[in-house]
Amino acid sequence: MICFCEDCGKKNQVTFIEFSTGQARFRCAVCGYLSPYHFNPRENAILEQAEIFFEETRNFPEILGSFLFHRDLGLLKNHMPEILKPADLDFLGKKLARIYEYGQSELGHVNETTLCIADKTMVVKKMGKTLFMIIACKSSTLPRNISERYFPPAGPGAF
Amino acid sequence: MPNIEPFASLLKTPGVDQYILVDRDGKIFSQAMAEPRKMAGFVFFCGMNAQAIGKFRYLAFSRENQGHFFIFPVGKYYLGVIKQKDISHAVLVDNIFQFLKDNVNRQ
């Protein structure tokens, strides 16, 4: 993602976003200045809904954690166990997003990808064109309440 | 290399609609699947990327109104399976694991 620094005006290939005081910013590779990063309206709506999702899924013990991943910018929001570092999640997000999108292009009509490793499952849901919600579960599928509320085919609470 | 012959009977396993077995170069060893060459590349690519994350048990693609697609690692191979519509995800996975246990892991 190409962005221009608000301070020095230099072009930046943005691959990482910081959230400070709730605002998305990128750090200029030339001068180090933190410039605001502007998500499109759809992405902003998803980011807001994601916060509600993270809060609600705390009440589901079968959900171990989740994170929001941007196809171009990497890890955006992290609610995974601390044993997993941001670099781990970035790697995981890249691989899972790639797998999902390849599945979509080759198979068509993919609405969920599930990767089962040992006794854990990573469920991948795509939001809009660029965002992925990745959810770590103990079970092979998402709890029905969560699936129906946040990921129905269409619905008011849906992403 | 696993014995390929048992895989011909994979279609008799409840829940299996189509299947393809590929090695880690994407070469087809056994298949009963539409567009096998395309699917071989797909299974190989996704299997390799899943393997890069860790030793996975299976990878599943849920599709609207179509048979879900599963990928299982089988030794140095990847098995792609399209699930029949009238069977659950969990039952299909259990049936595949049982098939592999009975026909492959025993060797």
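No lab work stands behind these numbers, since they all come straight from the coordinates. What you are looking at is a predicted structure, and each value in this text was computed from that prediction instead of being measured. Counting neighbours? That spans all protein chains shown, and the Cβs are built from the backbone with ideal geometry, glycine included.
What spacing in nm lies between the two simple spin-label points modelled at A:Phe60 and B:Ala32, each 7 Å away from Cα in the Cβ direction?
Here the modelled spin labels are 3.6 nm apart.
For chain B, what is the calculated [θ] at 222 nm in deg cm²/dmol (nearest 500), taking -39500 (n - 2.57) for each run of four or more DSSP H residues and dividing by its residue count?
Value at 222 nm, helices only: -10500 deg cm²/dmol.
If you add up the charges near B:Ile87, with Lys and Arg at +1 and Asp and Glu at -1, over every other residue whose beta carbon is less than 12 angstrom from its beta carbon, what do you get?
Net local charge, B:Ile87 excluded: -1.
Sketch the reach of a paramagnetic label on A:Lys85 as a point 7 Å from Cα along Cα-to-Cβ, and name the residues of the range B:49-63 whose backbone nitrogen lies under 18 Å away.
B:53-54
Which aspartates and glutamates, on any chain, are close to A:Lys77 with Cα under 17 Å apart, when same-chain ones fewer than 8 places away are left out?
Correct list for A:Lys77: A:Glu18, A:Glu43, A:Glu48, A:Glu51, A:Glu55, A:Glu56, A:Asp88, A:Asp90.
Which entries of A:Lys126/B:Lys27; A:Lys125/B:Lys101; A:Lys10/A:Lys85; B:Lys12/B:Lys55; A:Lys120/B:Lys38; A:Lys95/A:Lys126 have Cα-Cα distances beyond 23 Å here?
A:Lys126/B:Lys27; A:Lys125/B:Lys101; A:Lys10/A:Lys85; B:Lys12/B:Lys55; A:Lys120/B:Lys38
When only Cα pairs under 8 Å and 6 or more residues apart are kept, what is the percent relative contact order across chain B?
So the answer I get is 30 percent.
For A:Pro143, what charge total do you get from the other residues with a beta carbon under 11 Å from its beta carbon, if Lys and Arg give +1 and Asp and Glu give -1?
0
Just from its helices, what would the mean residue ellipticity at 222 nm be for chain A, if runs of 4 or more DSSP H residues each count -39500 (n - 2.57) and the sum is divided by every residue, rounded to the nearest 500 deg cm²/dmol?
So the calculated ellipticity at 222 nm is -9500 deg cm²/dmol.
Taking N as the number of residues in the range A:41-150, what is its Cα Rg relative to 2.2 N^0.38 Å?
0.99
Would you compute, for the Cα atoms of the range B:5-102, the largest minus smallest coordinate along each principal axis and list the three values in descending order, in whole Å?
Largest first, the range B:5-102 extends 32, 29, 27 Å along its Cα principal axes.
If you place +1 on the Cβ of every Lys and Arg and -1 on the Cβ of every Asp and Glu, how big does the dipole about the Cα centre of the protein assembly as shown come out, in debye to the nearest 20?
480
Which FRET efficiency value, to the nearest 0.05, is calculated for B:Ser9 and A:Asn111 with the Förster distance at 22 angstrom and r the Cβ-Cβ distance?
That pair, B:Ser9 with A:Asn111, gives E of 0.10.
Could you work out the equivalent-ellipsoid semi-axes for the protein assembly as shown, taking the square root of 5 times each eigenvalue of the Cα gyration tensor, largest first, in whole Å?
With the √(5λ) rule applied to the protein assembly as shown, the semi-axes are 37, 20, 16 Å.
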